[in-house]
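Below is one structure; the comments refer to it alone.
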Amino acid sequence: MVYRPPRLRFGIFMAPFHRLEENPTLALERDLELVEYLDRLGYDEAWFGEHHSAGWEIIASPELMIAAAAQRTKWIKLGTGVSSLPYHHPLILADRMVQLDHMTRGRAMFGVGPGALTSDAYQLGIDPLTQRRRMDESLTAIMKLFRGEVVTMETDWFTLREARLQLAPYTYPHMPVAVASTFSPAGPKAAGKHGVGLLSVSTSQPGGLISVARSWQWAEEAAAEHGQTISRDNWRLLLPFHLADSKAEAMKDIGEGREYFYRKYYQEALGTQPHPDGNSIEAAVERGEVIVGTPDDAIEAIERLFELSGGFGCFLGLAHEWTSREKTWRSYELMARYVMPRFQGQIEPKQQNWQWVSDHRTTIFAPASAAVGKAFADAGVELPPEVVQRMQRGRTE
């Protein structure tokens, strides 16, 4: 059976990706302006990445972005997407996140991972083979600190001596926590072990959609092993999307920009090999790695995600700048106007109410015609011919 939440949440995962030749100051400002816009449109979540190399994903501190965005927005929740745990001492990071929990009045979320870019770990002198183990060690300590425990713990890379937080979390019992998941079982198993959410970030990569159901199975198995419970409502799936008034227009909007991004970043910087079936936008859409088209196409794609995954609680769009700001913002607007309400219970009541009124219009509105006639009669005024004709039409419809 597929799990369908009564209200599917929608958000954005902002790595971000900015072209090398652009002004980074203005790029960061655009990121914040976009989150302001999404807040006005009614999006539920925005997640900010942490990266330290390669020149495209230029946010080094998601906490700073959350603090700035919180001052500009009212409702949207703001998360680290994600904090690379092996790069930080767990006490310092936990302390900062609890401070953000207070400063945002409970709108902060804590996404964690081992660190996505090997070039970051290389600069820090961290062996990539230790990153997933270090993530789990750090998360173990941080969850205890969030729960108000006094933690003494020593590993080969951090020490805690009777460590405790000086502030209790603003959110009870603590802010939402989610572990990033790619293709390996490390993320899902960590999420299950600690009873927290899962953030599947590889669904836009080749083979990612096939692995989503397996990821949740790993999480459930780990939760059962460690006596935890997890909920699909706290599972977030990520895909890039671009919507327009027609599929042809949407494809034309982003084809060149997406090709440039994949070539300059994934292939030339990270060394990712081209997909054997091609990296064109048409091929990526066919494989389900990106949603491109109209709102109806997006609805169909999200329905497919439900079937492939077995159900989840939040859909995140991968932020990109594959086309102009105006077309990008229009895409987010189309998602908010026509797609989000389909999965949030906002369309059916309107349609059902319209149908009920339409089916009963002859009986419901008949007294209105009589009332109009009585008003003219009480005033001693003869009914105008056009009013008589309107009342007769109403009786025959």
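Some points to look at:
- Relative to the current alpha-carbon distance between Thr362 and Ala375, full extension at 0.36 nm per residue lengthens the span by 2.6 nm.
- Cα centroid separation, region 28-66 to region 254-292 (Å): 22 Å
- Added length on full extension, which subtracts the Cα-Cα distance from 0.36 nm per residue, Met1 to Glu221: 77.4 nm
- Across Val112, Val201, Val387, mean-square fluctuation computed from a Gaussian network of the chain (C-alpha pairs under 10 Å connected) peaks at Val387.
- Contact order for the chain, expressed relative to its length and based on alpha carbon pairs under 8 Å spaced 6+ residues apart, stands at 17 percent.
- Scaled against 2.2 N^0.38 Å for its residue count N, the alpha carbon radius of gyration of region 252-311 is 1.28.
- Anchor Lys252: lysines whose Cα lies under 29 Å away (excluding residues fewer than 8 positions away in-chain): Lys264, Lys327
- Dipole of region 124-240 computed with +1 at Lys/Arg Cβ and -1 at Asp/Glu Cβ about the Cα centre; of Gly197, Pro128, Ser138, farthest Cα towards the positive end is Gly197.
- Prolate/oblate/rounded call for region 148-261, Cα gyration tensor, a/c under 1.5 rounded: prolate
- When only Cα pairs below 8 angstrom with a gap of at least 6 residues are kept, region 120-269 shows a relative contact order of 15 percent.
- Within straight-line cross-link reach of Lys144, aspartates and glutamates at Cα separation under 15 Å, skipping those fewer than 8 residues along the same chain: Asp95, Asp136, Glu154, Glu162
- Inter-centroid distance (Cα atoms) of region 109-153 relative to region 344-397, Å: 66 Å
- Zone of Ser231's modelled label, taken as backbone nitrogen in region 1-40 under 16 Å from a point 7 Å along Cα→Cβ: 3-10
- Expected 222 nm ellipticity per residue - DSSP helices of 4 or more, -39500 (n - 2.57), all of the chain, to 500: -14000 deg cm²/dmol
- Label-zone membership for region 314-357, site Arg40, 7 angstrom Cα→C-beta point, backbone N under 13 Å: 329-330, 333
- Max mean-square fluctuation residue, GNM over the chain, Cα-Cα springs under 10 Å, options Arg361, Arg164, Arg72: Arg361
- Calculated FRET efficiency, Glu21 to Gln355, Cβ-Cβ distance, R0 = 45 Å: about 0.25 to the nearest 0.05.
- Cα gyration tensor shape of region 307-363, rounded if a/c is under 1.5, else prolate or oblate by comparing a/b with b/c: oblate
All of the numbers you see were taken from the coordinates with simple rules; none came from a lab. From a predicted model like this one, the values you see are computed outputs, not experimental measurements. Quick reminder, even Gly has a Cβ in these numbers, built from the backbone with ideal geometry, and neighbours come from all protein chains shown.
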